[in-house]
Structure formats: structure tokens, C-alpha cells
1. Express the relative contact order of the chain as a whole percentage, based on alpha carbon pairs under 8 Å and six or more residues apart in sequence.
2. Give me, ordered by chain and number, the residues 5 or more places off Lys182 or on other chains with an amide H under 5 Å from its own placed amide H.
3. If R0 is 41 Å, what FRET efficiency do you get for His106 and His217 from their C-beta distance, rounded to 0.05?
4. Could you please tell me the mean projected area of the C-alpha convex hull for the stretch 179-315, averaged over all directions and given in square nanometres to one decimal?
5. Explain nothing, just compute: Karplus ³J(HN,Hα) = 6.51 cos²θ - 1.76 cosθ + 1.60, θ = phi - 60°, for every residue of the stretch 554-559 in order, whole Hz, x for Gly and Pro.
6. Report the far tail of the P(r) of the stretch 527-677, meaning the percent of Cα-Cα pairs longer than 28 Å.
7. What number comes out for the charge environment of Leu363, summing +1 per Lys or Arg and -1 per Asp or Glu over other residues with Cβ under 11 Å away?
8. Restricting to Cα pairs below 8 Å that are 6+ residues apart, what does the relative contact order work out to for the stretch 28-103? Please round to a whole percent.
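The values are calculated or read from the model by the stated rules, or taken from the named source; none is laboratory data. Being a predicted model, the structure only gives us computed values, none of them experimental. Using ideal geometry, Cβ is built from the backbone for each residue, glycine included, and neighbour counts are taken over all protein chains shown. The protein model used for the area step is the full one, side chains on, heavy atoms only, and it has no ligands, DNA or RNA in it. Shrake-Rupley method; radii C 1.70, N 1.55, O 1.52, S 1.80 Å.
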Amino acid sequence: MKIITGTGSDQVIKENSKVFMLSTKETSYIFRVLPSGHLENLHYGDRLREQDFRALYMKQNAGAGSSVLYMDGAMSLDLLPLEYAPNGKGDYRIMPLEIEMPDGSHVTDFVYAGHEITEGAIPMETLPTAHGEDAVTLTVTLRDKLFPVTMKLIYTVFSNTDVITRRVTISNGSEETLRIRKIMSLSLDLLADSFDVITLDGGWIREAHAHRRNHAHGTFINESTTGASSNRHNPGVILAEPHTTEDHGRCYGFNLIYSGNHHTAIEVSSHGIVRVMTGISPHNFLWLLQPGAFFETPEAVMTTSKKGLNDLSHHFHDFVNHHVVSKGWEGKARPVLMNNWEATFFDFNERKILSMAKEAKKLGVELFVLDDGWFGERNDDKAGLGDYEVNRKKLPNGISGLARKIKEMGLSFGLWFEPEMVNEDSALYRKHPEYAIKIPGRKPSKGRNQLVLDLSREDVQSYIIKQVETVLASASISYVKWDMNRHISDLYSEAVPHQGMAFHSYILGLYRILRKITGDFPDVLFESCSSGGNRFDLGMLSFMPQTWASDNTDPIERLKIQGGLSYFYPPSTMGAHVSQSPHQQTLRRTPLETRFHVASFGLLGYEMDLTNLNMKEKEEIIHQISWYKEHRNLMQFGRFYRHEKEKENRVNFQVVNEEKTRSVLDNFQILQNASPGFDVLHFKGLEKEIKYHVETVKASMDIEAFGELLKHITPMKLKPGGLILRNARKIYRLPHNVESYDAYGDLLESGIRVNQQFMRTGYAKETRMLGDFGSQLMTAEKKGEEESGDR
Ligand code: GLA
């Protein structure tokens, strides 16, 4: 490892007279060692030049009122912006560390003992770590004043993405066992009176809805206690100055590379300092740290921007794409897939699967995924989890036979597993009931008829690795959907010396399994899933480059889900499928094109019985898939923009490529208004000097949408619902939304006044027939490049 020693201006981390300056492309993070040995935060915001930073020191010269002064001095820790506050020394704000020391007290006083600057990120042994050869790491060592206990604060700077990560290790050099009750990965004090806090909250089929509220007093907590990062509260949190919008204003973003119980707390202190901390949830947590042992926290991620929430999201997106997702999958195109789940549930056999695959191939699909129900006695969700022996009644030629036939059709093949779970009605449970998490002598609660396997146990880890690897080695499998369908309850593990260690040990066990399996099968594309997006987090993304965003495939609901996730996660991480309408989750009817448009802002798949489609629908899907393949790079890895809601019934998503020569903008209309006003569509992120050709993507609508009006616009009088119409709609669809322009980026940013919407006064192919749940996709391509290949 190369040690960076000098103070050259091109360096990312500089230290001068115990002042540390960490710089990314556009931000600086500065702190210093106080005479007392504590660390004072001086700045997190715009990039500053190197200079005398005394103007940033906190001044305490008017007395401290009721505050407690540190030792015999005049300094109150309570009034300082600190890097990682000592517990029990007069700082009464929320504490990042609670640890029972050898004397039984919870008082700790860690002070500066040295530091080291190294090139590259430093990988952890037990937990996933962001990678980056061009990153630079600062490790500050602190020692407790009384006991031989050492803490390291580790800062890694990912300069090009404007992200800094933080984590903490504790080493016990004493002869007593320490009890860690709470240990945050990051604690940061910012000077502000209040922030708007943005979190992603929800539940099954309504994950990651973004919520924003002002937090001006007291403590706010965003936390999961389910054992997973959870669909209730995603670990990502944003603090935004109250006037911050998508494109203007200061904001700070935080996330955690961890898949278990997380905790972010934000306290507004009485003196204009906001403390934010993030790490493992202290809920039911207690870690015994034996003499000589050390504990490492998950890595927390932070970034800031003064250019609004989109820019903040872009930092996160770049960071995930380049430093979280493994190198092997970085920027790698993801296949268009077909998944049989919503079409068949458990009720399939080889013939049915092959006929679906054949149809999928004809439409342009690249990967066929066989979901739940292929193993053991898994004919419903009451049995079979744990037994990954193929069910020969359904698949007489086994997985290898099915995979071979699918491959012969020209498709790749993928398979579903739920390795962390067991049904009581399974061979595994009958043989090893002790593998399941439950309290001896007590009946456990069940979720989806299943129990969770105790991943802290090495024998369970080995069992899972063997089961999954045996199947993967036995057939041509290029994709795995790794599911996890219930929260943990009745937590008790034989594998840990204290039950407070069980939640975190589960996650350590999970990571050990994932490291081994994904390492042994690096070419297999893994998609993580947990009843949809119940474990959408940076920990899972470190091993599996994509996550099934939600079991909800209704596009109108997906706007909220994918839109929410986009604050922290790029489109390249979001599995998004087109499904049958009415939707299984909402019974809402939506147009096929809207379903496709929403799914195309993620990793496109189809999850419906393709054999039920009529000719026109098939044609439309063929067109969709070929359009997506042409624009795949842009849709999966382009810059994603959210637009402020200009109208209550409108949502706009947009992507722009790196060169700013291509962009796709979608205008989604939630509900139709009668005789609506004119719409203006704005493109963001384009180059003002470039001339673009803008046009709507070919759209067509079901003629049935006209109802009784149809008889006035067709040459023949057609009866609504009649036989002729029923047959006509199978072979004919009406074009609409046809418009195109040539214009420079400046005009496109200022806005295109698009065609009028339908208002009963007539139809023309130019009319925008959006209706309820309609959408209009527009592309902008640099003039002269419309036909060029790589999109
Ligand atoms: C979960 C997943 C679904 C599907 C089912 C199968 O609910 O989220 O996509 O795989 O399990 O049981």
C-alpha cells in the first residue's frame, strides 16, 4: 500500500498542523484535532482551497450557561460540532457510541493518537466495502484516556463521485470483555437550525415512497428492526435545507452499506447544531468484545450538493455504479427477461414453461427466469423451502434438461431460490429443526408459513452454499433471483455468546454465504429480492448488482416506488417488469405502453402470460423490446432526472447519456382532466449549444378506449363490445401522440409546448391521447446522430 506523505495540491486528503482536509471534485470535508485531543468538524460543503481555517473554529468565549465544562477547562463539548462525541463527558446530545468499559461505566473519552493516509479503499473482512483504486483513505486512531481501548475512524474519499464513506473499528486491548450497546458508523455535526428530512418508507407492494418533513426540534429516527434493511424504512436519508428543490439548494445524503437493522438519528440541538448519525440499529444489540478482539461497523456513505436533490442523487448513482456494484458487473448491459411468476404462480410444468419461453423468444426476450415452485414439494407456499431437489413431477428432465432446452431456443436461463428460509413441512426441517431460528421450548411465529434459517451457524451457512452451488453447477444457469420473504421474529441463536449479537451475526453469516457463492459463480447475474424491495440496500448491491424493486408491477404505483428509490439508487439496480392489466396488486387497468415506459426506466422484464396476448399486443411488445435494446445503455446507465411536479396529475422521468447527445423524457399522466390546459415539457441536463431532433416514440392505442364514440370516427358503425370491434382491436390500433421538432438544448430546457390533449372534439394522430394513466415518451438525439448505433 502506497503511503501518501506530502501536501501536494492534487491530493485528496491533506493534513496540516492537525487540520484534515478531505476533498472531492466539488466538496470539502474539514476537521481538526482540538487541544483536548477531540475532533472538531469545521466544514462539510463546497470545495474550499487550502488556507488558514481558523475562521471556521467554533468560538466559546461568552460562558456556557448550564453546560458542563470539559475537565478543568472552559470548553463545553456540548456546544461543539464534533466528529465522534465522547460519551458521558458533558455532551448530552444523541451519542454515537455506548460501551460498557472495564470499570463498568459507560464513560469513554477517546482522543487523537495518530493518523495514516493510504491509497485505495481498505476492504473489510466481514462486511462489504465500497471499492476504488483511485479512492484515498484516512484512518484516525483515537485512544481512550483511561483504558487500552482503541477506536479508528476510517474516512475513504471517492473524489470523482463526491462521496466520502465513514466507518469505525474498536479494538479491545484490555483484559476485560467490553459490552458494546451502540456503535454508529458515522456521526456528523452540521451547523443549522433545521432541515427537511427525506426518507423512503412503505411496506409490501408500496415500497420506498419518498416523504419529506421539516425537522426543527428534538430527535428524529429512521430505523429498521425487522432483521433486514426493510421495506418500512430504507436506510437512505437526506437532509435538505428547507428551500431545496430537485435542481437547487443545499442537501446532504446518507446511506449505509448494510442489509440488516439500521438506524439513522437526527437531533437538532439547542444551539443551532444538527447531529446526524447512522449505523447498525441499537435495537436488541449488544456485542461482547473479548480481550484482543475488534469490531468493525458497516460503512456509511455521505455526500452533499448545493445543486439540489437530482445532483445529490447523481453522486449516489455514480457511487453505486462504480464503487458498490462489483467490478465484473460495472456498466454491463442487463438482459431483457421474462419471469413466469405472475403468469403461473406454482402451477406449471415443463411443457407450459417451454411454450412461454418460445413465445418470449419470438418477442425479443433474452433471459427466461423460472420462479418459485420448481423444487421439493413446493406446490404452494406451505411446503418445500429448504429442499433444492428438483420436483420431477413438474420438470421430468430436471433443471439441467429444462435449461438446455431453453438455451437451444436461444435464451439464457435463470432460477429462483429462497435459501435463507425453511418450511416446517420440508425434508430439511424434519432432519434439522435446530437450523431454524426459534427459542427452545417456545412456538415461533411464522411469516408466509415459513421460518428463517439461523445464518449465524456455520453448519447452516455450509448447507446453503452446498445446496445453491450444486444446482448452479448442474445446469446452464446465468441468472439467480435470490429471495428472502419474511422478517425475523423469535430471535435466538445457539451460535452466539449473547443474544444481542444475533441480528448482526445473521447478516455476517449472510455476507459470508454471498461472498462465497457470487465469488464462485462470477458470471451469474444475481438479482436480490425480498418480497420485492424489502432489502433494497447497498449491502445486497455489493454482491448482487440488481434488486427486484417491488412485487407491485402496476406502473402508476411504480412511479412512486422507482421515483423514491431513485434518490439513492440508479436505474441499473431496479428490476422493473411489464405485467398484465388489470394489475394483480391493484386491479387497476393501465395501457401497455405506460407499463413499458415505466419499466424501461429500470431493468426491463415481462411478467405475464405471453401466450394470452393478441397479435397487436405482441407487435407492440416486439417494438418495445427492440426500442429498449437500442436505448439500453442510456436507460440502464444514463443520468436519471426527476422533475418537480408541475401539475398534480403529472410525473416526469428523464435520462441523459454521458455525452449529452441523447435523452429520453417521459410524461406520465395520472388522471385525465377535462379540457386540460396546454402542457410544456422541459428537458434537463442537455447541452445548450447542441441541436437535437426530438420526437415521440411510436405510440398506439386500443380502439376500445373510445367506447361509444367509436361509431362516430370509424367508417363503419361499430357496436361497442360487439363482435366486430372485439376482432378489430386484435388487428388494429390507433396511432396518437405523433410530434417532432428540431431545436437547441436551450429551447428544450425552456420547454416544448406539446400538442393538445384529447377533449372530445375530435381525434387526429397528433392528438395526445393520454387519458388516465397514459404516458408519452420523447427522445432527443443530437442532430446527425439519430441513426448511429451505440445508444
Ligand atoms: C416473493 C417475490 C416474488 C416471487 C414470490 C415467489 O413474493 O417477491 O417476486 O418470487 O416470492 O414465491
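1. RCO, the chain: 9 percent.
2. Placed amide hydrogens put Glu98 under 5 Å from Lys182.
3. It comes to 0.95.
4. The directionally averaged projection comes out at 9.1 nm².
5. Residue by residue, the stretch 554-559 yields 5, x, 5, 5, 5, 4 Hz.
6. Here the long-distance tail beyond 28 Å is 18 percent of all Cα pairs in the stretch 527-677.
7. -1
8. 23 percent
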